[in-house]
Structures are given as C-alpha cells and as structure tokens.
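> To start, I am sharing the structure in question, which I have written as structure tokens.
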C-alpha cells in the first residue's frame, strides 16, 4: 500500500483546542535544534523506569514532530502524520499501543519496519497546566518487544513529563531573562553616556554662578539659570524616554541574530523535510545586510510553517526558494521574508480564506495530511509583530508568500 492510499484509510486526530495549542507553543519560541542537552537525564530515567530501549521527548507543531530529547535512538524529526504522539496529545492521561505492527494507524510507518522494528509504544502528554491544559507534545517510551507498564511506572512517567514541561518553561524564562539583562546593560551604557553631558553642564553653570557671586548682574544670572533649566529638562526628558521605552526595549531584546544565522537555522531544521520529499530547498541571504541584527522573536515559527507548507504542496523534483533581506530605512528597519515554491498553487478564494483565518486543511502532493492551522498561525504571529503577509498564487503556478516584519528603531 503506498503512502497516499494508506493515509486515505487513517483518520489523523486534531485536538479541539488546536489553534490555542499551537499559539501557546509558539509563545515558548523554542529552538528545536538546541534543546537536547536539557532532557538527556530525563529520557534516560524514563527508559530505566519503563524498562524500554528507547525514550523520547517530542514536541508537535502544525506540521512536524520534533524530537528535542532522546535516549536509545538518534532521531530529530518526523512528519506529524507518521507520529504516534499525535494521538497522545489528544488526551489528558496516556496513550498506549501494545503492538505497533498490528495497528493499522502505524504498521506502515518507517519505525515499525526493519531495521528499527519498534513494537511497543507508551506516551504521556506534555501538558501546560497553566493554559487551559494544552499539550505541547509527549514523553514516550518505545521498545522492540511488546510489554506493559505497571500503574506505579505510569505515575513515575507522568512525574517526568511534568518536569519536562517545567524545564521548557524555565528555558523560555532564562532566554527572556538573558535578553532583559543584555538590554539593561545596553540601557545603562546609554544612560551613562547621555546623562553625562547635561549633568556636566549643570555643574559647570552652577560653579560659575557660585564663583561670580554678587558681581554678576541679574541678566547674566537669568541667562545661567535658563541654561541650567534647559540642561535639567534634557535630563528629565531622558528619564521619561527610559521609562516609556522600557517595555518596547524588552520586547525587542534578544537581537543576537542576523540573516546568516537565520539561514543556517532554517537549513538545519528543514533540509531533512525537503530531502525526504525530494524537493530542492534554497535559502538566499542579501549579503549586504546579512550582518544587521534582527529580532529572532517568532522567526523560526513563522518561516518554519511557511517552509513546511511549501514542502507539503510542492511535488517531488520541485523547488522552494526563500530569500531573507533587511530593508534599511532611516526610522525603522524591516525584515523581509519571501518564500516561493513550484507547487500546486491556490485560488484567490483560498488566499482570502488564509488571510481571513478561515482556511480549511487539504492534503499535500504525496498524501501528506493537512491539519489546517499552519498558515493561520503564521498570520497570527505576523499580525502580533505588527507585520504584514501577502500571498501571490494561481492554481498550478506555485505560490509566493511575502512577509514584512518591522524591527524597531534602526
């Protein structure tokens, strides 16, 4: 049975709160390629407790299951429709498959066939208990032999899953704290520089008045006082600027990112998907601006969903081209992301539905499942960053997405 026929016989589940789930996941702003060291001890512990060969921490976004922690197997990602954890995130407790090879939902997937030949699966959802119970993904244990887990072991795995969620949130908090510390240090330098001039002027003028004393006439004294007032006013305006802009600075913090780094990240995360589909993925950077700092806030989520969508709707031997640019302006730089593909294209009606957030899912060119939320998430994230998204396409002619995201003061 080929993949398309197999997919037609399998109903892939979608959580009722899927849009809320992927929005909450996007707020964590995770870099899926740099988390593995955070979970090595927990995946090892989970495998020991369950007595299984393999343990994984999997995050599930709109299109992909990302393995961010592993023990017993070298795995980084798979399509969402191939995963067993997509069923785990549907519930509040756990999901178990005694024998994957006899279950129609999984028996044709690569990890069930030789040489991996997995049979047993047990997963616990990674639940964010503070946000109406959305599930980010799953902690799962797997084995090449069928088995069962005692209630005591199940409870221990749930405790480990809770710790995974705690660490994900800690990871987010630490990243935010680092950004704020960096921003505070930059603010301190700016304040020290900007306040030195006005204060020096105030001190100098005050000293002149003190030295001249009664010998200065009233007009000269008034001139000195006016100069002191202007210098004091500039200090006050600086204080107001610091207080008013503090929130904006914090929101724009973390700009230790540029176009070259962004391109490398996209290649690392999405080359495997393109290679697996048999399409060419090109990422080009405008060299003249590849060093300019940009905010990495939500960029991987935005570009990643666009790339996954393009891969899904581009047939084998097709091409996907992404161009990254910074439009330098006197008052504000703008990040420009263009994603074009040679895929199936779309009608104006579908484009309007995407931009209005009412689009429904459809299957890809090789039978990939459509979950219907990836482009809606992109629109949500771009709007949240005060950016814009334009779509140009015709059926059978491919699609071009143009994203513009303002980057704060230049």
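> Pull up segment 278-299, narrow it to residues that are surrounded by fewer than 21 Cβ atoms within 10 Å (Cβ to Cβ) and not in a loop (DSSP other than H, G, I, E, B), then point me to the one that is farthest from the chain's Cα centre (by Cα).
Among them, the one singled out is 288.
> Report those helices (runs of 4 or more DSSP H) wholly inside segment 1-115 carrying at least 3 residues which are in contact with a helix residue (DSSP H, G or I) (Cβ under 6 Å, 6 or more places away or on another chain).
Output list reads 18-28, 40-50.
> Residue by residue through segment 300-333, note down the ones that are buried (at least 22 other Cβ atoms within 10 Å of the Cβ) and assigned to a loop (DSSP other than H, G, I, E, B).
313, 314 - these are the residues of segment 300-333 that are buried (at least 22 other Cβ atoms within 10 Å of the Cβ) and assigned to a loop (DSSP other than H, G, I, E, B).
> Condition check: over 21 Å from residue 26 (Cα atoms) and assigned by TED's automatic domain parsing to the domain that holds residue 381. Does residue 300 satisfy that?
For residue 300, the condition - over 21 Å from residue 26 (Cα atoms) and assigned by TED's automatic domain parsing to the domain that holds residue 381 - is not met.
> Would you point out which residue out of 150, 64 is touching a residue at least 60 places away in the same chain (Cβ under 8 Å) and on the phi < 0 side of the Ramachandran plot?
None of the other options fit; the residue is 64.
> Determine whether segment 135-155 contains at least one residue that is under 30 Å from the mean Cα position of the chain (by Cα) and part of a loop (DSSP other than H, G, I, E, B).
Looking for residues that are under 30 Å from the mean Cα position of the chain (by Cα) and part of a loop (DSSP other than H, G, I, E, B), one finds none in segment 135-155, hence no.
> Could you tell me whether any residue of segment 44-54 is surrounded by fewer than 16 Cβ atoms within 10 Å (Cβ to Cβ), out of contact with any strand residue (DSSP E or B) (no Cβ under 7 Å at 6 or more places or on another chain) and free of Cβ contacts under 8 Å to residues at least 60 places away in the same chain?
Checked segment 44-54: at least one residue is surrounded by fewer than 16 Cβ atoms within 10 Å (Cβ to Cβ), out of contact with any strand residue (DSSP E or B) (no Cβ under 7 Å at 6 or more places or on another chain) and free of Cβ contacts under 8 Å to residues at least 60 places away in the same chain.
> Within segment 380-391, how many residues are surrounded by fewer than 16 Cβ atoms within 10 Å (Cβ to Cβ) and in a strand (DSSP E or B)?
So the count comes out to 2.
The values are calculated or read from the model by the stated rules, or taken from the named source; none is laboratory data. Remember, it's a predicted structure, so these values are computed and weren't measured experimentally. Every residue, glycine among them, receives a Cβ derived from its backbone with ideal geometry; neighbour counts consider all protein chains shown.
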